[in-house]
Structures are given as C-alpha cells and as structure tokens.
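Peer 1: Supplied in structure tokens, the structure appears directly below.
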Amino acid sequence: MNIIVNILAMTVPFSVALLLASIGEMFNQRSGVFNLGCEGIMAMGAFIGMLIPFSIGGGGAVADGWNYLGLLLAAVIGALMGLFFGVIVVTFRAPQGIAGIGLQMFGVGTAGTLFRHFVGGTQSIPGLPSNPIPLLSKIPVIGEIFFSHNIIVYLAFLFVPVAWYILMKTSWGLEVRAVGTYPRAADSMGINVNRIRYEALAVGGALAGLAGAYLSVCQIKMFSDDLIAGRGFIAVALVYFGHWKPVRIMLGALLFSFTQTIQYNVQGLGINIPYEFFVMLPYVVVIVVLAFTSRNQTTSPAALGKPFNREIRT
C-alpha cells in the first residue's frame, strides 16, 4: 500500500513540467503553428530558472522570492524564444518542422554553453519547498497524493480549466482557433492572423520556459545538460494524445509521469531486471498510446503547419 501511495504522490509533481509545456504547445498548434523547439525553450528556462537563486545565494539557502524571480525570468525568456520562432515561421514562412529542430538545438546548446561558463559544473540549489495545504494535506492518502506539494504544482493544475476557458470562452481563444482552422476566413473577418500566431507562440513559449524552470527549481533542484531528457518532444506528442484539449492533455501528462514513477520505485525494489527496461518504459507507453489514439485525428487544426500568406490563395 505504501509503495502505491508513494507512486501516486510522485506522479502529481512529476507531471507538472509536461503539463505546462503541453498546454503551451496546444496554444501554438491551435493557432496553426507546430513547434518542435519546445525542448530548447525548456532547456533555456531550466538554466535561467536556477541561475538566479544560484547566483544570488551561491548555492546556499536563499529566499523564496529569488526562486520565484527565476521562474518568472524563465517564462519571459521562453516568451522571447517563442516570438523569435514566430519571426522564422510566421513572418519568413520557413518550414515549421525544420525550424523547430533548429530552435531545439539552439536552446539546448546555448543553455549548456552558458551553464558551463557561468556555473561551471553541476550545482544544487535549495529550490522551492513544499507548501502543504492546511487540513487538506492531513487527509489520509488523499492529502499526501494531492495536497502536499509546492505552490507551482497547484497553480499548474488550476491552469487546466483556465486554459480551457481561455480557448473556448474568450474572444482571443476564438481567434486562435479560427486562425488555426480557417486562416483565410479569419483574415477576411478582419483578424490579423500573424498577430494571433505571434501571441500564441509567446504564450506557448512562456509556459515551456516555466516548465523547464520547474524542473530545475522545484523538482530536480539543479541543472545539467540532459535535464530535459526529451520532455519537450513528449509534450508535443501529448498534444496529439489529448486531441488539443486541456483536460485530456492533463490526463496524458499524468499517464506518462505515472509510468515514470513506477520506473523509479521498481528500480528501488531491487528486482533483477535490467534498469534500461524501466528507463525506456515511459517512452514505450507514449508510443503505444499514440499508435492507438492517432487513428482519429479529425479534431486537429486544419491549418496546422501551414504558413499563411494573404497575397496567395490556396
């Protein structure tokens, strides 16, 4: 029983980075832009997020305010990288897949280079402490699983219904869906297609940057070159798994994180199975789930991956 509770209690915080990055990528794709550079944005966010508390505290105890500043600056850097990606694929209409791979390589390489220059080697930081919710955290089993985490975990899950409301119930969300589905019709109605796509990329980049910073400041509490470990690509896959819907994306993030925490706990039991099998298990689960759920992708944005040029009718 204890190991089950432990797995579930780890699943919730482990899913936050994927959840934030996936919701951000959902806004990108809903606007018609496919961003494979999420991994690079997360890497830069992870570096910036830990650099602030590390530089000020020198790796020692620092006030939570510096951790929050690191998270905020990571989101800002992510938004700027999203806008930079927009210049390439929205303004200059470069192929989105190739440009995304380029952004991924740029982000990961730049983060690693700056880390070695300013930090030098692997260093830990105190990070954000847990903030158990009074009373609720005392509930047997449920309290440990859901109500004994840091504040970013709670905010991330609260953002799921907020993201749904923004996308489905606001005029900006309607414009995002319009330019991702029928950009020509949206343009004829006076909607600035490129502006909406830039805004969606800024939102998606900010969430990806925050997701990376969550890993370095709240979860791992350190930075390394392989910290992101493919989570950016998994986040892109989870958008397809969730059919571009926030709640389903959340469930996908929880599923991946559940298999990941099983990996950690089973290895700790000393079972005589090569550890590489457990390391690959979460990624195998994602591939299998995508294989079964990708048969019906009628909900995908019709203009996804297609550049818009109002001067040329297609």
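The values are calculated or read from the model by the stated rules, or taken from the named source; none is laboratory data. Model, not experiment: these values are computed from the prediction. As a convention, Cβ positions derive from the backbone with ideal geometry for all residues, glycine included, and neighbour counts pool all protein chains shown.
Peer 1: Considering segment 82-98 alone, what residues qualify as being free of Cβ contacts under 8 Å to residues at least 60 places away in the same chain, assigned to a helix (DSSP H, G or I) and among the aromatic types (F, W, Y)?
Peer 2: Result: F84, single match.
Peer 1: Here's a follow-up. Kindly indicate which of V141, V119 is modelled with pLDDT under 90 and either among the aromatic types (F, W, Y) or more than 30 Å from N6 (Cβ to Cβ) (or both).
Peer 2: V119
Peer 1: Looking at (1) under 16 Å from the mean Cα position of the chain (by Cα); (2) not in a loop (DSSP other than H, G, I, E, B), which one does G70 not meet, given that it meets all the others?
Peer 2: Every listed condition holds for G70 apart from (1).
Peer 1: Which one of these does P140 not meet: (1) closer than 15 Å to N35 by Cα; (2) surrounded by fewer than 13 Cβ atoms within 10 Å (Cβ to Cβ)?
Peer 2: (1)
Peer 1: Next question. Would segment 162-183 turn up any residue that is surrounded by fewer than 19 Cβ atoms within 10 Å (Cβ to Cβ), within 27 Å of D64 (Cα to Cα) and within 20 Å of the chain's Cα centre (by Cα)?
Peer 2: Among the residues of segment 162-183, at least one is surrounded by fewer than 19 Cβ atoms within 10 Å (Cβ to Cβ), within 27 Å of D64 (Cα to Cα) and within 20 Å of the chain's Cα centre (by Cα), which makes the answer yes.
Peer 1: Have a look at A213, A229, A291, A237 and point out the one that is part of a helix (DSSP H, G or I) and at pLDDT below 90.
Peer 2: So the residue among A213, A229, A291, A237 that is part of a helix (DSSP H, G or I) and at pLDDT below 90 is A291.
Peer 1: Could I ask something else about it? Answer yes or no as to whether S124 is of a type in the set (G, A, S) and touching a strand residue (DSSP E or B) at 6+ places or on another chain (Cβ under 7 Å).
Peer 2: Answer is yes for this residue.
Peer 1: Filter segment 135-149 down to the residues that are closer than 22 Å to Y68 by Cα and without any contact (Cβ under 8 Å) to a residue 60 or more places away in the chain and list them by number.
Peer 2: Across segment 135-149, the qualifying residue is only F147.
Peer 1: Go through (1) modelled with pLDDT of 95 or more; (2) surrounded by 24 or more Cβ atoms within 10 Å (Cβ to Cβ); (3) out of contact with any Ser or Thr (no Cβ under 9 Å at 6 or more places or on another chain) for N67 and report which single condition fails.
Peer 2: Only one criterion is unmet by N67, namely (1).
Peer 1: Do we have any residue at all in segment 51-61 that's in a loop (DSSP other than H, G, I, E, B) and either over 25 Å from G109 (Cα atoms) or at pLDDT 95 or above (or both)?
Peer 2: Looking for residues that are in a loop (DSSP other than H, G, I, E, B) and either over 25 Å from G109 (Cα atoms) or at pLDDT 95 or above (or both), one finds at least one in segment 51-61, hence yes.
So that you can scan it fast, the table gives a plain yes or no per residue for (1) surrounded by fewer than 24 Cβ atoms within 10 Å (Cβ to Cβ); (2) of a type in the set (A, V, I, L, M); (3) within 19 Å of the chain's Cα centre (by Cα):
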position: V5; (1), (2), (3): yes, yes, no
position: L8; (1), (2), (3): yes, yes, no
position: A17; (1), (2), (3): no, yes, yes
position: L36; (1), (2), (3): yes, yes, yes
position: A43; (1), (2), (3): no, yes, yes
position: I56; (1), (2), (3): yes, yes, no
position: G78; (1), (2), (3): no, no, yes
position: L83; (1), (2), (3): yes, yes, yes
position: F106; (1), (2), (3): yes, no, yes
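Peer 1: Show the residue pairs that are 6+ apart or on different chains and have beta-carbon atoms under 6 Å apart, the first residue being within segment 1-29 and farther than 20 Å from S148 by Cβ, the second being of a type in the set (S, T, N, Q) and not in a helix (DSSP H, G or I).
Peer 2: N28/N35
Peer 1: Just to check your reading of the model, which residue among G24, G32 is buried (at least 22 other Cβ atoms within 10 Å of the Cβ), at positive phi and either touching a helix residue (DSSP H, G or I) at 6+ places or on another chain (Cβ under 9 Å) or assigned to a helix (DSSP H, G or I) (or both)?
Peer 2: So the residue among G24, G32 that is buried (at least 22 other Cβ atoms within 10 Å of the Cβ), at positive phi and either touching a helix residue (DSSP H, G or I) at 6+ places or on another chain (Cβ under 9 Å) or assigned to a helix (DSSP H, G or I) (or both) is G32.
Peer 1: Related question: Hey, any hits in segment 241-254 for a residue that's assigned to a helix (DSSP H, G or I), modelled with pLDDT under 85 and under 27 Å from M105 (Cβ atoms)?
Peer 2: Taking every residue of segment 241-254 in turn, none turns out to be assigned to a helix (DSSP H, G or I), modelled with pLDDT under 85 and under 27 Å from M105 (Cβ atoms).
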